[in-house]
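*Asks:* Can you read through this structure? Questions will come right after.
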Amino acid sequence: MRTVDTRGLQCPAPIIATKKALNESEKGETFQVITDSKVTLGNLSRFLHDNKNEFSVSESQGVWTFTITKNTVDPINQKAEEYCNNEVPHFSRGNFVVAFSSDKMGTGDDKLGSLLMENFVKAIKDMDHLPAKIVFYNKGVFLGRDDSPVSGHLKEIEQMGVSLCFCATCVNYYSLAEEIHIGILSNMYEIARIMASASNIIKP
Amino acid sequence: MKVDLLQTVESGGCSAKIPPKQLEELLKQLPLPADPNILVDIDTHDDAGVYRVNDDLALVFTTDFFPPVCSDPYEFGQIAAANSVSDIYAMGGTPVIALNIMMFPASRLPAEAYRDILLGGADIAAKAGLRIIGGHSIDDFPPKYGLAVVGYVHPKKIITNAGARAGDVLILTKPIGTGVILAGQRLGMASDNDVAEAKDLMKTLNDSGASVMKKHMIKGATDITGFGLAGHTLKMAKASSVKITLNMSRVPLIGKTYSLADQGCIPGAAFRNLDFADNDTVCDEGLDYNLKMTAFDAQTSGGLLISVPEKKEKEVLEDLRRTGMQSSVVIGTVSEFDGKHLCLSQ
């Protein structure tokens, strides 16, 4: 069994070492973490409990040994939205992401740009595979407004199981929080992660 | 010779507070002075005490000091001073006079470091229009610095953490994550850019936020420091007898705070703050663990959390952004108390 010795280390170093070991372990795998800090005893217990990992602690002469089993349920799969996805299996989803950075498609006449964008969003619904996720940032967040010409289509796409992620900074910047009732607000880290993990990004 | 103050400490800034749970129990055992001129005291866990002098003038009085949060003595002085004045601004006051409070290991660090810390403090005091008129030093290791500050406020225009009302929205004026970034710096995990961003934010005075609050006659606000965003929000909700819901995905974070927390870089102070808030807090099931712990991250010289009537939201946000607090955003809402004071949602 793998052992992570964190004796002599101050918080948060023992948490970092434990998280690393968790990431490197298979589900159900067991390993040990050793600490000589009472603060770490408390903080690590709380950390493991909140992340739903099974563990036990034994103490001997001021040294605590955690025996940790990596959780068998991936916490991400416990999110309600993921369950919803599983209920609509007849829509096949690809591994690509659509990123809207504007409410117009392409550059040129604004009227034409809006019309093209409307057609593009409509077309998403009819593609062989739906996007894995759709992100909206900068002017793109305007597409989510209740009175946007595509809000109905976006709502349908969301109901088909695609998560719509709106850049929270942008929604706040344009003061649109009250006008958008679809999708979820995401931070830039989340948006960057979504784009980085996509096989393809489509930017209309 | 260049001094690295970070070599002297294990936990710096507002992370160095006494565990809040323990502090609350201890403070309960102290007698509270009875005087009708005391307008605000520690009873509501507010940022500073307020004493009425006459019908037109009250004094806001506060102090804060802590061990180094950065290597450079001058920068440490700036950050500590900005943090000390912040409580005055949070209560709608104008800082007037201050005393230096300094603990310094004279035999272990060069005298230049002592001077530079005080020069940094003086720089921020000048920016705040604050006159430092004295102080006190003792020999101690590691060094600690801060100010005791007196400000003016009109007795009828005091802004307190008891002034949040159901229906208000909450605006935060600075991104959070200083505790995570500084811990990451100590472990060599944080980038120089992120550390620089955190330091700039910590040196930023909350003076423009205070002016905007005064202009819009805001009643409820607090500043975000050692108890973290969630801890100070909870204190506000308790003092105001309301429930506050924070939408954590709307909270702006400094640089790679999220990614650091995701790697386990969660300072011990965050766990202490979580422990304090646990009984009064409910977390939505979908709440991301790293965002939750970031909510409890101890902030040094954080922003203002302002409770704003919904109809004033746009104007207040515009004024905040126009006066230099560009990151200001709505991060939550105030509702009637329903058994829990704080709700953390995704």
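The values are calculated or read from the model by the stated rules, or taken from the named source; none is laboratory data. As the structure is a prediction and not an experimental result, all values here were calculated from the model. Cβ coordinates were reconstructed from backbone atoms using ideal geometry, including for glycine residues, and neighbour counts include every protein chain displayed. Keep in mind that these areas ignore ligands, DNA and RNA; they rest on the heavy atoms of the full protein, side chains included. Shrake-Rupley method; radii C 1.70, N 1.55, O 1.52, S 1.80 Å.
*Asks:* Assuming B:Leu147 fulfils every condition listed in (1) touching a residue at least 24 places away in the same chain (Cβ under 8 Å); (2) over 17 Å from B:Ala80 (Cα atoms) apart from one, which condition is it?
*Replies:* Going through the list (1) touching a residue at least 24 places away in the same chain (Cβ under 8 Å); (2) over 17 Å from B:Ala80 (Cα atoms), B:Leu147 breaks only (2).
*Asks:* Follow-up question, since we're still on this one. Just the residues that are open to solvent by 60 Å² or more (accessible area, probe 1.4 Å) and among the β-branched types (Val, Ile, Thr), please, taken from region B:324-346.
*Replies:* Of everything in region B:324-346, just one residue is open to solvent by 60 Å² or more (accessible area, probe 1.4 Å) and among the β-branched types (Val, Ile, Thr), namely B:Thr333.
*Asks:* When you go through A:Ile182, A:Ile191, A:Ile202 one by one, which is the residue that is within 13 Å of another protein chain (Cβ to nearest Cβ) and either surrounded by fewer than 20 Cβ atoms within 10 Å (Cβ to Cβ) or under 17 Å from the mean Cα position of the chain (by Cα) (or both)?
*Replies:* That would be A:Ile191, the only listed residue that is within 13 Å of another protein chain (Cβ to nearest Cβ) and either surrounded by fewer than 20 Cβ atoms within 10 Å (Cβ to Cβ) or under 17 Å from the mean Cα position of the chain (by Cα) (or both).
*Asks:* Would you confirm whether or not region B:309-318 contains a residue that is more than 9 Å from every other protein chain (Cβ to nearest Cβ), more than 22 Å from B:Val195 (Cα to Cα) and assigned to a strand (DSSP E or B)?
*Replies:* Yes.
*Asks:* Please determine, by comparing only the residues of region B:274-288 that are open to solvent by 30 Å² or more (accessible area, probe 1.4 Å) and in a helix (DSSP H, G or I), which one is nearest to the other protein chains (Cβ to nearest Cβ).
*Replies:* Ranking the candidates gives B:Asp275 first.
*Asks:* A follow-up question, please. Regarding A:Leu115, is this residue open to solvent by less than 40 Å² (accessible area, probe 1.4 Å) and either among the aliphatic types (A, V, I, L, M) or modelled with pLDDT under 90 (or both)?
*Replies:* In short, no.
*Asks:* I'd like the full set of residues that are among the hydroxyl-bearing types (Ser, Thr, Tyr), assigned to a helix (DSSP H, G or I) and within 15 Å of B:Pro143 (Cα to Cα), limited to region B:68-125.
*Replies:* Answer for region B:68-125, where residues must be among the hydroxyl-bearing types (Ser, Thr, Tyr), assigned to a helix (DSSP H, G or I) and within 15 Å of B:Pro143 (Cα to Cα): B:Tyr74, B:Tyr114.
*Asks:* While we're on this one: Go through region A:1-63 and tell me which strands (runs of 3 or more DSSP E), entirely inside it, have 3 or more residues that are under 27 Å from B:Phe276 (Cα atoms), within 12 Å of another protein chain (Cβ to nearest Cβ) and open to solvent by 70 Å² or more (accessible area, probe 1.4 Å).
*Replies:* By residue number, no strands (runs of 3 or more DSSP E) qualify.
*Asks:* Looking only at region A:157-177, which residues are surrounded by fewer than 18 Cβ atoms within 10 Å (Cβ to Cβ) and modelled with pLDDT of 85 or more?
*Replies:* A:Tyr173, A:Tyr174, A:Ser175, A:Leu176, listed by residue number.
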